[in-house]
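Report on the following structure.
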Amino acid sequence: MQFQDQLQRTIKLSQTPTRIISLVPSQTELLVDLGLKQELVGITKFCVHPLELRKEIEIVGGTKEVKIEKIAQLQPDLILCNKEENTPEMVEALEKIAPVHVSDISTIDESLKLIQQYGKIFYVEEKAEKLVGNIQNELENFQQFIENQPKRKVAYFIWRKPWMVAGGDTFINHLLQLNHFENIFAETLRYPEVDLKRLKEADLVLLSSEPFPFKKKHQQGLTEFVHPNKIKFVDGEFFSWYGSRLEKAFRYFKKWHLAELLLQKG
């Protein structure tokens, strides 16, 4: 079998993989939801969904640093990586052990294509197509809901010390746009450190639950630049995890917007 990953790299497989290592949390969750939990032999310490997974499957490191020797000992048929999560050097080292598939996700469409490709690679096409259909239905329902909602300017923070936001070329930014949020830092790339004085441009400042776990106590560092009432907390997994997480994401977004509408009405 021969496939092209999302970097247009050729992946050659002699048979359907039965020993998979996933180095991307959202892709690990996707594999489980496609019924491939038994095929997983290695995951990262950040693969937290489903919750019990880290107790059952070998941890091979993080997303930026992995234990190459441990991965080799697990004798994988295929290793799953992501362009943003994993480094080129890591991919190069892993290719000496087994074929490596690299995803590259910045839109919903690219996420759906990844699900469909996993369906073909792992011979679970029916489950993959059902999941894609469910996500498309959820997206359509949400778009109907959000259509008449006002557009608001936002900053989406992912880190503190230094203060860093999601830029315009990210999957997060794509989901912000679907939520009628205009990213005031859309002209920047990736996850830049920013000047907090620009927050005066924002209608809302969103503090994500990951990768930095923002809490109420972290609001104080921003109140010099933006009114506390404009600072909102969001579940970062729904804004940054692709794959099967999207099936739940649009329901979360709708619930979040409805809660904000109730607050505004007082």
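Can you list residue pairs whose Cβ atoms sit under 6 Å apart, with the first residue in the stretch 1-12 being under 15 Å from Lys113 (Cα atoms) and the second being in a strand (DSSP E or B) and small (Gly, Ala, Ser)? Count only pairs 6 or more apart in sequence or on different chains.
Between residues of the stretch 1-12 that are under 15 Å from Lys113 (Cα atoms) and residues that are in a strand (DSSP E or B) and small (Gly, Ala, Ser), the close pairs are Gln6/Ser103.
Return the pair list, or none, for Cβ contacts closer than 6 Å from residues in the stretch 159-177 that are over 10 Å from Leu189 (Cβ atoms) to residues that are in a loop (DSSP other than H, G, I, E, B) and of a type in the set (A, V, I, L, M, F, W, C), at least 6 apart or on different chains.
Trp159/Phe212; Arg160/Phe212; Val165/Phe185; Val165/Val194; Phe171/Ile105; Ile172/Ala166; Asn173/Ala166
Each row is one residue, and each column tells you yes or no for (1) charged (D, E, K, R); (2) closer than 30 Å to Arg19 by Cβ.
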| site | (1), (2) |
| --- | --- |
| Tyr123 | no, yes |
| Arg152 | yes, no |
| Ala155 | no, no |
| Met164 | no, no |
| Phe171 | no, yes |
| Glu182 | yes, no |
| Ala186 | no, no |
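Could you go through the stretch 48-66 and let me know if any residue there is of a type in the set (Val, Ile, Thr), crowded, with 21+ Cβ neighbours inside 10 Å, farther than 20 Å from Gly243 by Cα and touching a residue at least 40 places away in the same chain (Cβ under 8 Å).
yes
Looking at Gln144, is it at pLDDT below 95 and in a helix (DSSP H, G or I)?
Details: at pLDDT below 95: no; in a helix (DSSP H, G or I): yes.
Judged against the criteria, Gln144 is not a match.
Grab the strands (runs of 3 or more DSSP E) fully contained in the stretch 1-109, keeping just those with 1 or more residues being under 20 Å from Glu237 (Cβ atoms) and in the same structural domain as Gly119 (by TED's automatic domain parsing).
Numbers: elements: 2-4, 10-12, 20-22, 40-43, 78-82, 100-103.
In the stretch 1-109, 20-22, 40-43, 78-82, 100-103 are the strands (runs of 3 or more DSSP E) which contain 1 or more residues that are under 20 Å from Glu237 (Cβ atoms) and in the same structural domain as Gly119 (by TED's automatic domain parsing).
The values are calculated or read from the model by the stated rules, or taken from the named source; none is laboratory data. Given the structure is predicted, the values throughout are model-derived calculations rather than measurements. Neighbour counts are summed over all protein chains in view; Cβ atoms, including those assigned to glycine, are modelled from backbone coordinates with ideal geometry.
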